[in-house]
Amino acid sequence: MPFNLRGRHLLTLKDYSPEEILFLLKLAEKLKADKLAGIFSENLKHKNIALIFEKASTRTRCAFVVAAVDEGAHAEFLGKNDIQLGKKESVADTARVLGRMFDGILFRGFSHSTVETLAEFAGVPVWNGLTDTYHPTQVLADLLTIREQFRMLKGIRLAYVGDGRNNMANSLLIGASKIGMDFRIGTPKSLYPKKELVDEMKLIAEETGGKILITEDPYQAVAGADVIYTDVWVSMGEESTFEERIKCLKPYQVNKKLFESTKNPKTIFLHCLPAFHDRKTAVGEEIFQTYGLEAMEVTDDVILSSASKVWDEAENRVHTIKAVMVATLGK
Ligand code: CP
Ligand code: NVA
């Protein structure tokens, strides 16, 4: 029986049961197949979606716009300099106003409390498109990509290597625990995820049959992994930490040596993107020269190899975000 998620927010995957997450993934698979077959059901016809962005975005913004247009909705981009959010107008008042005009609100920004306040006062579904703490819509795309590759999720060994306490690590920890995956984080002690979150997820993993391992040893983290995942070493808003992060995360770079150490010929590579894998990025060249790096979190011979599914993963942002909007707002 389909789940009724109408009217629900998506602030973190903590708020969704394993069955609800699987329901969203199956809906995304259907919507993806429909789109490939040229079937557009216009589930969001006449709906208006507000897209509030305090931080930059390529995938999340474009995925929301494309998904909205595919389903017959209008999406309005509201950048940080376009509206008064939290400056001349409180977040609560902006939420009250936008909720009178729009049917759903996407927020990407800094403080997680901003998206919580929007959800409290908007009166329409609010979706978190990344905060400093969580990135739930990305994890839905990651899970869909893993399911496409392995035809299953439960028991899959997913190893995240890098900054172990950023929004991606937190959200993967939640998603993997909910689904009953064998989840590992390889990260220095100084970047371990918060103990409260790990303890909370360990309780969930006990129920779902999942496993959680946090280790300082990147090789232990990836041993036998089906999926190796990494993210940038320095997230948006944390630019002042560049030097210390490079120093402490250098041993966690996903290069061929680390990748092949899984001893699993079927290991795939995922990254939420954007990735610092070459010198062509604007900040890349200078940083790479200063620190004598050839790459940061992942090398070209991994991210551009056939084991890398990052482009499928990026495309899946559209299908999973569409599923979230259709499920919480559709007809
Ligand atoms: N993965 C992701 O959220 O990408 P953007 O920052 O480009 O939206
Ligand atoms: N951890 C990264 C994710 C980008 C999608 C950041 O917050 O910048």
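Out of the stretch 253-305, which residues are in a helix (DSSP H, G or I), away from ligand 2 (no atom under 16 Å from the Cβ) and not aromatic (Phe, Trp, Tyr)?
Narrowing the stretch 253-305 to residues in a helix (DSSP H, G or I): 256-260, 284-291, 300-303.
Imposing the further condition that a residue be away from ligand 2 (no atom under 16 Å from the Cβ) reduces the set to 256-260, 285-286, 288-291, 300-302.
Selection gives Lys256, Lys257, Leu258, Glu260, Glu285, Glu286, Gln289, Thr290, Asp300, Asp301, Val302.
Filtered by the rule that a residue be over 22 Å from Lys309 (Cα atoms) and either open to solvent by 50 Å² or more (accessible area, probe 1.4 Å) or without any contact (Cβ under 8 Å) to a residue 24 or more places away in the chain (or both), the stretch 131-156 gives a lone residue, Asp132.
The single residue among Ser171, Ser235, Ser177 that is assigned to a loop (DSSP other than H, G, I, E, B), open to solvent by less than 20 Å² (accessible area, probe 1.4 Å) and in contact with a helix residue (DSSP H, G or I) (Cβ under 7 Å, 6 or more places away or on another chain) turns out to be Ser235.
Cβ-Cβ distances below 8 Å connect the following pairs, each with a first residue in the stretch 55-84 that is open to solvent by 60 Å² or more (accessible area, probe 1.4 Å), a second residue that is of a type in the set (Phe, Trp, Tyr), and a separation of six or more residues or different chains: Arg61/Phe53; Arg61/Phe77; Glu76/Phe102; Phe77/Phe53; Lys80/Phe53. The set of residues from the stretch 106-130 being within 16 Å of ligand 1 (Cβ to nearest atom) and either surrounded by 24 or more Cβ atoms within 10 Å (Cβ to Cβ) or among the charged types (D, E, K, R) (or both) comprises Leu106, Phe107, Arg108, Val115, Trp127, Asn128, Gly129, Leu130. From the set of residues in the stretch 306-320 that are assigned to a loop (DSSP other than H, G, I, E, B) and touching a residue at least 24 places away in the same chain (Cβ under 8 Å), which is nearest to Val234 (Cα to Cα)? Per the stated criteria, the residue is Lys309. Residues in the stretch 1-43 that are assigned to a loop (DSSP other than H, G, I, E, B) and under 12 Å from Ala323 (Cα atoms): 3 in all.
Would you be able to say whether some residue in the stretch 211-220 is farther than 30 Å from Glu294 by Cβ and open to solvent by 10 Å² or more (accessible area, probe 1.4 Å)? Looking through the stretch 211-220, at least one residue is farther than 30 Å from Glu294 by Cβ and open to solvent by 10 Å² or more (accessible area, probe 1.4 Å). Condition check: open to solvent by 10 Å² or more (accessible area, probe 1.4 Å), part of a loop (DSSP other than H, G, I, E, B) and not charged (D, E, K, R). Does Gly164 satisfy that? Here the answer is no, as Gly164 does not meet what is asked.
For Thr262, the conditions (1) under 21 Å from Lys189 (Cβ atoms); (2) buried (at least 16 other Cβ atoms within 10 Å of the Cβ); (3) polar (S, T, N, Q) are fulfilled apart from (1).
Working carefully through the options Lys45, Lys88, Lys35, find the one that is out of contact with any Phe, Trp or Tyr (no Cβ under 9 Å at 6 or more places or on another chain), open to solvent by 40 Å² or more (accessible area, probe 1.4 Å) and without any contact (Cβ under 8 Å) to a residue 12 or more places away in the chain. Working first, answer last.
Numbers: Lys45 fails: without any contact (Cβ under 8 Å) to a residue 12 or more places away in the chain; Lys35 fails: without any contact (Cβ under 8 Å) to a residue 12 or more places away in the chain.
Residue meeting the stated conditions: Lys88.
Can you confirm whether Asp199 is of a type outside the set (Ser, Thr, Tyr) and within 16 Å of ligand 2 (Cβ to nearest atom)?
Working: of a type outside the set (Ser, Thr, Tyr): yes; within 16 Å of ligand 2 (Cβ to nearest atom): no.
No: the conditions fail for Asp199.
For the stretch 239-258, a residue qualifies if it is more than 13 Å from Leu191 (Cα to Cα), of a type in the set (S, T, N, Q) and open to solvent by less than 90 Å² (accessible area, probe 1.4 Å), and the qualifying residues are Gln253, Asn255.
The values are calculated or read from the model by the stated rules, or taken from the named source; none is laboratory data. Predicted, not measured: the structure shown is a model, and the values here were computed from it. In this analysis, Cβ positions are derived from the backbone assuming ideal geometry, glycine residues included, and neighbour counts consider all displayed protein chains. Keep in mind that these areas ignore ligands, DNA and RNA; they rest on the heavy atoms of the full protein, side chains included. Shrake-Rupley method; radii C 1.70, N 1.55, O 1.52, S 1.80 Å.
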